[in-house]
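Asks: Got a structure for you, written out below as structure tokens; questions coming shortly.
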Amino acid sequence: MKPGISSGDGRGRLDTHRVTHGIDRTRRLVTGLPVGVARSVEGHVLDRLALEGVRPVRGYEYFGAEHADRVMALADERFTENFPELRWDVTA
């Protein structure tokens, strides 16, 4: 589970992650966000997981699939609290 892609084109980066790291499912892809929003959401998710004692299984941002629901909830939390005007709840 990779919580986010905060730079570059999401679809192209997803292809890279599929080939390089075997990630074969996309839970949500939000595109067209204002500058800084994706990085803010991803940072929030990574920080909260660390505070909760959830450790990555690879590098600093790849987590076991068992954490997928928590990652989604944390992303939802950040969007709801900080970016309520943005549409983020659907996959593009």
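The values are calculated or read from the model by the stated rules, or taken from the named source; none is laboratory data. Here the structure is a predicted model, which means the values were calculated and not measured. Reconstructed Cβ throughout: ideal geometry from the backbone, glycine too, with neighbour counts over all protein chains shown. The protein model used for the area step is the full one, side chains on, heavy atoms only, and it has no ligands, DNA or RNA in it. Shrake-Rupley method; radii C 1.70, N 1.55, O 1.52, S 1.80 Å.
Asks: Suppose every K and R has +1 on its Cβ and every D and E has -1 on its Cβ; what is the size of the dipole of the stretch 51-92 about the Cα centre, in Debye to the nearest 20? Don't skip to the answer; put the middle values down first.
Replies: Working: 5 positive and 9 negative charges, 45 e Å.
With only Lys, Arg, Asp and Glu charged at Cβ, the dipole is about 220 debye.
Asks: Sequence-distant or interchain residues sharing an amide H contact under 5 Å with Glu61, placed H: which?
Replies: none
Asks: Hey, another quick one. Quantify, in whole percent, the carbon and sulfur part of the accessible surface of the stretch 36-79 (1.4 Å probe; protein heavy atoms only).
Replies: On the way: 1230 of 2320 Å².
Result for the stretch 36-79: 53 percent of the exposed heavy-atom area is carbon or sulfur.
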